[in-house]
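The structure appears right after this line, and notes come after that.
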Amino acid sequence: TASVALFTADLRVHDNPVLRAAADGASRVVPLFVVDSGIRAAGFVAPNRAAFLADCLADLDEELRKRGGRLVVRRGDVVAETRRVAAETDAGTVHLAAGVSGYAARRERRLRAALAEDRRELRVHDASLTTLPAGALVPAGRDHYAVFTPYLRRWLAAEPRAVRGAPRVIEVPEVRSERLPSAADLGGGGERSPGLPAGGEGAARRRMRAWERDGLDGYADRHDDLAGDATSRLSPYLHFGCLSPTELRRRAERHGGAGAEAFVRQLAWRDFHHQVLAARPDAAWADYRPRHDRWRRAPDAVEAWRAGRTGFPLVDAAMRQLRAEGWMHNRARLLVASFLTKSLYQDWRIGARHFLALLVDGDLANNQLNWQWVAGTGTDTRPNRVLNPLTQARRFDPRGDYVRRWVPELAAVAGPAVHRPWRLDGVDYPAPIVDLDAAADRFRRARHG
Ligand code: FAD
């Protein structure tokens, strides 16, 4: 007998419920990845993620080969190709991880129907992409949690599933495969960030172990220090499933201490946003909680924001880090998103789209719902707070080192003076594009009528 393990955002062999179930249930397994024309059509492809994904697939193939198998690659409509591969190998069952987007839900429905016509079965595995299945925790009378703190309490009390190792042997039946896709094959023909990390499970596990050794204990104290760069940078590996979030959580809990506790809490945010999107797939682009005030149109301001030339060095440093690395520190993401939506009064979707075009960890659930959280259309219980770039600079880049790293025009300015270039003589820097106090007033008036 054969079964198909259809990989989506779970590009790993360790603690992969889909691969495990396929290997346990049949003597031969088809580890399948379909370069899905639908995802490209949906506009979710970006050069940075395509490059990272190409690494992930090459690494997955290598891990499977170590176990006697290989990755089978096809190209086209994911449902049609999976159905064809199942027929060619006479696989009785196709295994798939439960997704949370509208796209994933449609894919699952179509696949189930197509396989049923051939008398084959689709089995969907929960807690593969998140630690707890979306929908596992619900408050009384609702289908999902809209507030993080009570969700966190339940999440911490719920026992995650047991972690399982990689299957030792994988035997793949005779079946046609295309060559491993390059970044260009995956739609990543455009320009990519020079400072991208390497993708794949091997790189992910090395980074995870280095993080546990060198970073985790200091995380509670240091995670907001922009220049210190003391977060795990595991987000792209979690986005592509090179690491199991359940394994990561359990390892951190075993490690223990205040750093690990704070880190585990961040993993809960990830599950939280995923359960919101699973319940409300439209929240990917529609306001989760409608805002009654209107966005403004200011294309020049948006362009300055995208280019990192707003005149506020901390905002600019962050936007340039995004372009250079395909990644941005969480503190900086909060600030630039608040600045765009609350100081410049621009629609959060403009910012979310720009992030998705560049972020190597660009993730529909995390990106869209964090943007909504900041914009005041989402799950923030204090939707009227506005982050001020100068206050944020004092707290999170007190010496100005983060700005000097990313804004070369200001590299020669010493100390925190770098945050206020308009006070400096002989420094050529764009003037601030907005008056922060006036903007804060405008925001307050609009919100409170
Ligand atoms: P760490 O601090 O080491 O945290 C560990 C892991 O916890 C992260 O890898 C991530 O998986 C998870 N995590 C941490 N914070 C959050 C959060 N607020 N929401 C959800 N999960 C979290 N994260 C993405 O993975 N993809 C995105 O597209 C994305 N877009 C964002 C957009 C905005 C406007 C904001 C404010 C945040 C966004 N985040 C996104 C969340 C967060 O900024 C990143 O996960 C984090 O910066 C990644 O760096 P790290 O791996 O070093 O994080």
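The values are calculated or read from the model by the stated rules, or taken from the named source; none is laboratory data. Predicted, not measured: the structure shown is a model, and the values here were computed from it. With ideal geometry, Cβ positions are generated from the backbone for all residues, glycine too; neighbour counts draw on all protein chains shown.
In segment 152-170, which residues are within 27 Å of the chain's Cα centre (by Cα), of a type in the set (A, V, I, L, M) and in a loop (DSSP other than H, G, I, E, B)? Listed by number, the residues that qualify are Ala158, Ala162, Val163, Ala166.
Return yes when Arg75 is surrounded by fewer than 17 Cβ atoms within 10 Å (Cβ to Cβ) and in contact with a strand residue (DSSP E or B) (Cβ under 6 Å, 6 or more places away or on another chain) and no when it is not. Here the answer is yes, as Arg75 does meet what is asked. Restricting attention to segment 312-363, the residues being within 29 Å of Tyr103 (Cβ to Cβ) and of a type in the set (Phe, Trp, Tyr) number 3. Checked against (1) in contact with a helix residue (DSSP H, G or I) (Cβ under 6 Å, 6 or more places away or on another chain); (2) under 16 Å from Phe7 (Cα atoms); (3) without any contact (Cβ under 8 Å) to a residue 60 or more places away in the chain, His95 passes all but condition (3). Within segment 104-122, being part of a helix (DSSP H, G or I) and of a type outside the set (Gly, Ala, Ser) holds for Arg106, Arg107, Glu108, Arg109, Arg110, Leu111, Arg112, Leu115, Glu117.
The residues on offer are Ala284, Ala279, Ala260, and the sole one that is over 25 Å from Phe7 (Cα atoms) and either more than 10 Å from the ligand (Cβ to nearest atom) or crowded, with 21+ Cβ neighbours inside 10 Å (or both) is Ala260. Looking at (1) basic (Lys, Arg); (2) touching a helix residue (DSSP H, G or I) at 6+ places or on another chain (Cβ under 6 Å); (3) not in a helix (DSSP H, G or I), find the lone condition where Arg83 falls short. It fails just one condition, (3).
Each residue in segment 298-317 was checked for being under 16 Å from Gln346 (Cβ atoms), among the aliphatic types (A, V, I, L, M) and surrounded by 24 or more Cβ atoms within 10 Å (Cβ to Cβ), and 1 of them qualify. Inspect all residues belonging to segment 329-351 and state whether any of them is polar (S, T, N, Q), surrounded by 18 or more Cβ atoms within 10 Å (Cβ to Cβ) and under 28 Å from Gly241 (Cα atoms). No, segment 329-351 has no match at all. Within segment 371-394, track down each residue that is buried (at least 17 other Cβ atoms within 10 Å of the Cβ) and polar (S, T, N, Q). Listed by number, the residues that qualify are Gln372, Thr377, Thr379, Asn388, Gln392. Each residue in segment 425-440 was checked for being at pLDDT 95 or above and either assigned to a loop (DSSP other than H, G, I, E, B) or within 21 Å of Val413 (Cα to Cα) (or both), and 7 pass.
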